[in-house]
Amino acid sequence: MADLKLLTERVVEKEKAAIRQRVEEAQKDAEDEIQAARVKEEQDKIARKQAIAETAQNNYTIRKNTLEIQRRNNVLAAKQDILSKVIKDVKEEMNHISEADYKLFLAGVLNQFKHENKITLVSGEKTVNLVDQAWINETTDPELVATLSNETISDEAGVLVQKDGIEYNFLFDALIDDAKSELIPIITKELFD
């Protein structure tokens, strides 16, 4: 019986040791899981902070770029307004051209047609009184018959040249508009560089 009691005690001790080992393993597994959960939570926290920081940085960059584009567009619009005003002022100035400058201009126009037989000049209303037929006769080549028409182009400065049913436009507004693509870079460089 003592052997049975001893045997029972050994089995009980063995079972207690096995239970203790399973409890220790379960505690170790639980601690490992808790530690893993803490590490994962810390990583998630860092990832969330990083995502928030990246989102904030992206929003900042987008807003900064938007403001930069708006600023650039505002500057370009202001420059465009200034250029438009300069062109308008040039046209207005040309509407008040001096007689000497207009005669010089018209002499250059007539020179372009010196090999023609006959042309008719139709003056703009704003420059009609700056030259007369006598001046045109003195200025033109003897081979060219240039006649100053009694008609005028209302609210314009400059001249139309009519030859064989074709009109050549030397009205100042049209000449300035034609030269605008060449003038704008020059004006831009003068004003904004």
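Assigning unit charges at the beta carbon (Lys, Arg +1; Asp, Glu -1) and nothing else, what dipole magnitude in debye, to the nearest 20, does the chain show about its Cα centre?
For the chain, the charge dipole is close to 1640 debye.
Tell me the accessible surface of K180 in square angstrom (1.4 angstrom probe, heavy atoms of protein chains only), to the nearest ten. My reading of the accessible area for K180 is about 80 Å². Using Cβ point charges alone (K and R +1, D and E -1), the dipole size of segment 97-192 about the Cα centre works out to roughly 180 debye.
Amide H contacts under 5 Å for V159: G124, F170, L171, F172, restricted to partners 5 or more places along the chain or on a different chain, H placed in the peptide plane at 1.01 Å from N. Please tell me which of these pairs span more than 25 angstrom C-alpha to C-alpha: K126/K180; K126/K163; K79/K103; K64/K88; K103/K126; K64/K180? Exceeds cut-off: K79/K103; K64/K88; K64/K180. Computed on the Cα atoms alone, the convex hull of segment 142-193 gives a volume of 127 cubic angstrom per residue. Averaging 1/r over each pair of different alpha-carbon atoms in segment 97-192 and inverting the result gives 14.2 Å, the Kirkwood hydrodynamic radius.
Protein heavy-atom accessible surface, 1.4 Å probe, per residue over the chain: 75 Å². With the alpha-carbon atoms of the chain aligned to their principal axes, the span from lowest to highest coordinate is 157, 29, 26 Å, starting with the largest.
Each of Q162, L6, A77 was scored by the projection of its Cα onto the charge dipole of the chain, and the greatest displacement toward the positive side belongs to L6; charges sit on the C-beta of Lys, Arg, Asp and Glu.
Under a model in which nothing but the beta-carbon of Lys, Arg (+1) and Asp, Glu (-1) is charged, segment 1-95 shows a dipole of about 580 debye around its Cα centre.
Of the DSSP H helices in the chain, those that are both long (alpha-carbon extent of 30 Å or more along the helix axis) and hydrophobic (Kyte-Doolittle mean at least -1.0) are 2-95.
The values are calculated or read from the model by the stated rules, or taken from the named source; none is laboratory data. All figures in this text were calculated on a predicted structure; none of them were measured in a lab. For neighbour counting, all protein chains shown are included, and Cβ atoms are generated from backbone atoms with ideal geometry for every residue, glycine included. To get the accessible areas, we keep the full protein, side chains included, count just its heavy atoms, and leave off ligands, DNA and RNA. Shrake-Rupley method; radii C 1.70, N 1.55, O 1.52, S 1.80 Å.
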